[in-house]
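Have a look at the structure below before the remarks.
The values are calculated or read from the model by the stated rules, or taken from the named source; none is laboratory data. Keep in mind that this is a model prediction, so the values were computed, not measured. Note that we place each Cβ from the backbone using ideal geometry, even for glycine, and neighbour counts take in every protein chain shown. These area figures cover heavy atoms from the full protein model, side chains too; ligands, DNA and RNA do not enter into them. Shrake-Rupley method; radii C 1.70, N 1.55, O 1.52, S 1.80 Å.
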Amino acid sequence: MPTRNITIIGSLNTDLITRTSRVPAAGETLITSSYDTGCGGKGANQAVACARLSREKGSEVDEAGCTINMIGAVGDDMFGRDLINGLVSNGIGVDGVRVKDGEKSGVAVIIVEEESGENRILMSPNANYALRPSDFKSLPDPLPDLIILQLEIPLITVLHILKLAREKNVEVLLNPAPAVKLPREAYLAVNHLIVNETEASIITSTTGQKHSWALWGEHIQRLIDLGVRHVLVTLGAEGVIYLDTGIQRVLQAPGEKVTVIDSTGAGDTFVGAYAGMLAKSGRDSRDFTCMMELVDFANRAAAKTVQKGGVQSAIPWRNEVSLENT
Ligand code: ATP
């Protein structure tokens with residue numbers, strides 16, 4: 001099987017994570033039950049998930065038949081150096097990570113509420129927002145087989161990369177988080193769209209509607225209308241809906257029944273698992289059965305993440321996810 005090259009273009013952040021039994025009310029100070037720092041950012045998280053879920057713990061990158069490269073920006077500071085080292089330790093190529101003079105590295109302040117496992121996040125993009133279209137005169141050479149994008153870098157940069165990818169016919173997976181409505185033509189470059197419920201509501205302009213299974217028919221039609229072949233809507237504990245718009249078939253994979261410790265990063269694990277398996281296994285993305293197996297694997301991988309605290313540290317390796325059907 002040919003080596004496949006996945007390139008993730010996106011954010012790198014240092015996560016400052018506090019855990020508390022409940023979130024404080026306005027004006028209230030609570031003592032946390034724990035504090036941690038970790039490497040994060042949707043781009044970096046998805047790169048780590050891709051790397052870990054496309055190979056077994058301890059195996060070399062080359063043995064996996066799949067290389068993972070990160071393109072992004074950090075500040076010239078201690079956080080930035082740690083973020084780059086974190087990627088390297090997961091076997092991810094970092095030649096495309098720029099160190100931006102005079103910028104601070106991105107930071108995310110995360111509050112995890114222990115009672116519910118829910119999280120609240122305040123993000124300072126810093127160097128991530130210094131990644132401009134001028135940083136991408138062209139796509140990397142050799143061209144990646146798959147580019148993964150999120151929206152934690154400037155939208156103008158994402159749109160520029162989508163245009164380049166379309167010109168070069170490079171496959172693109174877009175996880176439009178945090179969600180904004182993109183111009184319609186942006187979706188013409190996207191082959192795989194992975195959104196959570198909130199993101200699905202925003203991009204289909206159904207914000208504010210209470211979702212129920214009965215309403216999914218309408219949402220799905222709007223998602224089909226975007227023109228993306230593979231659409232996945234992640235539903236947290238409810239699992240995921242997968243839609244192949246080419247043959248207009250829908251699959252609902254129920255969520256795994258697990259005990260939630262911390263749901264942060266579940267979505268990123270899902271994206272990385274899906275992309276990593278798509279590339280590594282050489283699955284035929286026109287075959288609905290292949291895609292069902294892949295979605296099922298990503299669903300089980302993401303369910304592993306919520307059973308552990310932390311973000312990147314909670315992302316499992318391939319051999320830690322049961323491999324039936326993959
Ligand atoms: P986050 O922003 O926390 O990373 P998200 O909102 O982007 O997550 P979700 O839809 O919450 O994404 O979760 C992504 C996937 O993770 C789900 O489709 C499911 O596979 C898995 N997952 C999330 N929460 C649970 C849970 N409580 N139980 C089992 N699986 C879960």
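Quick look at the numbers
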quantity	calculated
Helical mean residue ellipticity (222 nm; -39500 (n - 2.57) per DSSP H run of 4+; nearest 500) of the chain	-8500 deg cm²/dmol
Highest-MSF residue in the chain out of T18, T234, T269 [GNM, Cα springs under 10 Å]	T18
Longest exposed-site-free window of the chain, the sites being trypsin sites (Lys or Arg not before Pro) in a DSSP loop that have at most 13 other C-beta atoms within 10 Å	58-136
Shape call, the range 1-137: gyration tensor on alpha carbons, a/c limit 1.5	oblate
Solvent-accessible area, 1.4 Å probe, carbon plus sulfur percent, for the chain	51
Filter on K137/K163; K100/K304; K280/K304; K42/K104; K280/K308; K137/K168 - keep pairs with C-alpha separation over 23 Å	K100/K304; K280/K308
Shape category assigned to the range 86-136 from the gyration tensor of Cα positions, a/c cut at 1.5	oblate
The range 89-186: antiparallel DSSP beta bridges as a percent of all, rounded to 5	55
Where the range 1-131 is the region considered: accessible area per residue in Å², 1.4 Å probe	46
Alpha-carbon Rg/Rh ratio, for the range 141-188, with Rh computed the Kirkwood way	0.94
Distance cut-off 30 Å, percentage of C-alpha pairs in the chain lying past it	30
Using a Förster distance of 41 Å, the FRET efficiency for R98-K257 (Cβ separation, nearest 0.05)	0.45
Accessible-area ranking of I121, I241, I202, largest first, probe 1.4 Å	I121, I202, I241
Beta bridges per DSSP with both ends in the chain, % antiparallel, nearest 5	40
Shape call, the range 105-232: gyration tensor on alpha carbons, a/c limit 1.5	oblate
